[in-house]
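**Q** One structure coming up, written as structure tokens, with questions to follow.
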Amino acid sequence: LFVCDACLRNMKRNRRIDILLYLLLLLHVFPATIAFLPYRYFDTAKTTFCIRFHDISSFTEEIANDPLRRKLRNQPDTSTKNVLLYLLQVNGSIISLGLGIPIGIMALAVLVGLEKSKPSTTPSSSIDNISTNKGGSRTAILALWGRAQQENGPDEFARLLLQQQLSNAFGSTTLQGQLQTATALTCFALSRLNYLLTRGFFEDQVGFLATLGNTGLVTPLQCRTCWFDDCVEAFVRRLAKSDKTTGNVVILGSGYDTRCYRMNLQQRGIRCYELDAAGTLEEKQKVLRNLNIDNSSTSYVPCDFESQDWLKQLSIESNFKANLPTLLIWEGVTMYLSQESIVKILQSVSDNARLRETQWYVAFDFINKDWAMSNIWLSVMKQAGEPFKFAVSLKTEPHLIEEMLKSCGLEMFELLTDSGELSQRYSQEHWLSRKVGIVGQYGGFVVAGCEASQGSEA
């Protein structure tokens, strides 16, 4: 979708089309040559870079290895174990080719519709990140799309939110809007059909090529969701074991995150806050209202992380109590911020933990510079309106994250970069004894914080 979007925007603006964008567009339409047989190789061939990172997994390890959670996440998919579908899955290349053509064509139609249906009121030259505009973040929709793909995935609300959001994207008052909505939903249905028939993710096949053999698109998002879920669960259990009866979970860059509604956090003494760009929060709340999902106990705070103080915004717009133990969930955000902005937020975590004399943690992810900062992906994300600004090389910068945390006075409780470990923890098994998707070298996952002396709960 992003490759198609970049091509459309390039053609419309200056007709200077990078030949690599054309090649990736063709690969999006014809990804079938890697649809099935190489899956086992993909998940194991790229893990050696992580050894230099000296992974630490003490924060979520106990939760992730809970037998019940592992069973739910890794249970083999046996729903299609019959001779006919066995043959279809072994020949998944043919299935993906047949479905890939209409998916690619419809993706183009969807993006043309999005381009026409929501014209920007701000000159394009002045827009740094379109998530602040009406209509919100496209990458948030991409993450939601990824979470909605897998059967029995970690986010049971994802499919409902995605279908509603796609409907809202075009509106249904005109025939054109109805046709564009139907096209978008059909595109999603074809991707789902590809998964049901081949038990492989069409988007992973495309993503592996688009990232030059580094990562998939759907499976890393599924693993990311599970890991952050484990961070929240670990934090809640730590509170339960201490003398603290309540705490804060603050989701920075919440997008279409649903943890505040599906993890029963309020019933467990957790105050929930979501911060994101104004356009994204507006779209999300509209979708939640249309689906009658109760979000009354969650506080929403609009914030531009590059230009505004998130903690000041949180204090002004809500009843946030900074002297309670706090966990910041920072999922899928750091890649869109400068390193200076990231350090500033990390420093605020350290400062508040010491000032309030209580526990503050931050859980965040980062992407792998080896693919994310290639010319092609920089061009794609810039044209998509949400450019990458920060990434860490798993080959040449093994100590960068540790140095950033140390400079802010934060202790690192977890660093997880090993794709093999992520796949083992969170990726669903196929009944043909393989994983259903491609994890690859997405990047890494970090928990840091300060476990300061206990303070008051006023």
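**Q** Would you check which residues across region 363-380 are without any contact (Cβ under 8 Å) to a residue 40 or more places away in the chain and in contact with a Ser or Thr (Cβ under 8 Å, 6 or more places away or on another chain) and list them?
**A** Listed by number, the list holds a single entry, LYS369.
**Q** Still on this structure, please answer the following. From the list MET335, MET373, which residue is of a type outside the set (Ser, Thr, Tyr) and over 16 Å from GLY253 (Cα atoms)? Let's see the steps before the verdict.
**A** Numbers: MET335 fails: over 16 Å from GLY253 (Cα atoms).
Result: MET373 is the single residue among MET335, MET373 that is of a type outside the set (Ser, Thr, Tyr) and over 16 Å from GLY253 (Cα atoms).
**Q** Read through the list (1) open to solvent by 10 Å² or more (accessible area, probe 1.4 Å); (2) under 23 Å from THR280 (Cα atoms); (3) modelled with pLDDT of 75 or more, then give the number of the only condition that GLU203 fails.
**A** (2)
**Q** What tally of residues in region 306-348 results from selecting those that are of a type in the set (Gly, Ala, Ser) and assigned to a loop (DSSP other than H, G, I, E, B)?
**A** Qualifying residue count, region 306-348: 5.
**Q** Further question on the same structure: Quick check on this structure: which one of GLY385, GLY440 is touching a strand residue (DSSP E or B) at 6+ places or on another chain (Cβ under 7 Å) and modelled with pLDDT under 90? Spell out the reasoning first.
**A** Numbers: GLY385 fails: touching a strand residue (DSSP E or B) at 6+ places or on another chain (Cβ under 7 Å).
On inspection, the qualifying residue turns out to be GLY440.
**Q** Please go through region 396-424 and pick out each residue that is among the acidic types (Asp, Glu) and either open to solvent by 10 Å² or more (accessible area, probe 1.4 Å) or over 26 Å from ASP204 (Cβ atoms) (or both).
**A** Once the filter is applied, which keeps residues that are among the acidic types (Asp, Glu) and either open to solvent by 10 Å² or more (accessible area, probe 1.4 Å) or over 26 Å from ASP204 (Cβ atoms) (or both), region 396-424 yields GLU397, GLU402, GLU403, GLU411, ASP418, GLU421.
**Q** Take region 349-366 and flag every residue that is farther than 18 Å from ASP230 by Cα and either assigned to a helix (DSSP H, G or I) or touching a Cys at 6+ places or on another chain (Cβ under 6 Å) (or both).
**A** VAL349, SER350, ASP351, ASN352, ALA353, ARG354, LEU355, ARG356
**Q** Considering region 288-308 alone, what residues qualify as being more than 20 Å from PHE228 (Cβ to Cβ) and touching a residue at least 12 places away in the same chain (Cβ under 8 Å)?
**A** Hits for region 288-308 are ASN290, LEU291, ASP294, PRO302, ASP304, GLU306.
**Q** Now a separate question. Would you tally the residues in region 348-380 being within 20 Å of PHE305 (Cβ to Cβ), of a type outside the set (A, V, I, L, M) and within 24 Å of the chain's Cα centre (by Cα)?
**A** 6
**Q** Determine if region 208-217 includes at least one residue that is out of contact with any strand residue (DSSP E or B) (no Cβ under 9 Å at 6 or more places or on another chain), modelled with pLDDT of 75 or more and of a type outside the set (Asp, Glu).
**A** Yes, region 208-217 has at least one match.
**Q** So, one more: So which of LEU239, LEU160 is in a helix (DSSP H, G or I), at pLDDT 85 or above and touching a Leu at 6+ places or on another chain (Cβ under 6 Å)? Write out each step before concluding.
**A** On the way: LEU239 fails: touching a Leu at 6+ places or on another chain (Cβ under 6 Å).
Answer to the check: LEU160.
**Q** Here's a follow-up. Search region 242-273 for residues being touching a helix residue (DSSP H, G or I) at 6+ places or on another chain (Cβ under 7 Å) and in a helix (DSSP H, G or I), and hand back the single one that is most open to solvent (accessible area, probe 1.4 Å).
**A** Per the stated criteria, the residue is ARG268.
**Q** Next question. Hey, could you check region 206-241 for residues that are open to solvent by less than 10 Å² (accessible area, probe 1.4 Å) and of a type in the set (S, T, N, Q) and say which is farthest from TYR273 (Cα to Cα)?
**A** THR211
**Q** Working only within region 274-316, note down all residues that are in contact with a helix residue (DSSP H, G or I) (Cβ under 7 Å, 6 or more places away or on another chain) and β-branched (Val, Ile, Thr).
**A** If the condition is that a residue be in contact with a helix residue (DSSP H, G or I) (Cβ under 7 Å, 6 or more places away or on another chain) and β-branched (Val, Ile, Thr), then THR280, VAL287, ILE293, THR298, VAL301 are the ones that fit.
**Q** Additional query: Among residues belonging to region 282-330 that are closer than 28 Å to PHE413 by Cα and either open to solvent by 80 Å² or more (accessible area, probe 1.4 Å) or acidic (Asp, Glu) (or both), point out the one that is farthest from the chain's Cα centre (by Cα).
**A** Taking the candidates together, the pick is LYS312.
**Q** Another question, if that's okay. Here are some conditions: (1) part of a strand (DSSP E or B); (2) open to solvent by 10 Å² or more (accessible area, probe 1.4 Å); (3) not charged (D, E, K, R). LEU378 meets all but one. Which one does it not meet?
**A** Here LEU378 clears every test but (1).
The values are calculated or read from the model by the stated rules, or taken from the named source; none is laboratory data. A quick note: this is a predicted structure, and the numbers were derived from the prediction, not measured. Note: ideal-geometry Cβ built from the backbone for every residue, glycine included; neighbour counts use all protein chains shown. In case anyone asks, the SASA skips ligands and DNA or RNA and just uses the protein heavy atoms, side chains included. Shrake-Rupley method; radii C 1.70, N 1.55, O 1.52, S 1.80 Å.
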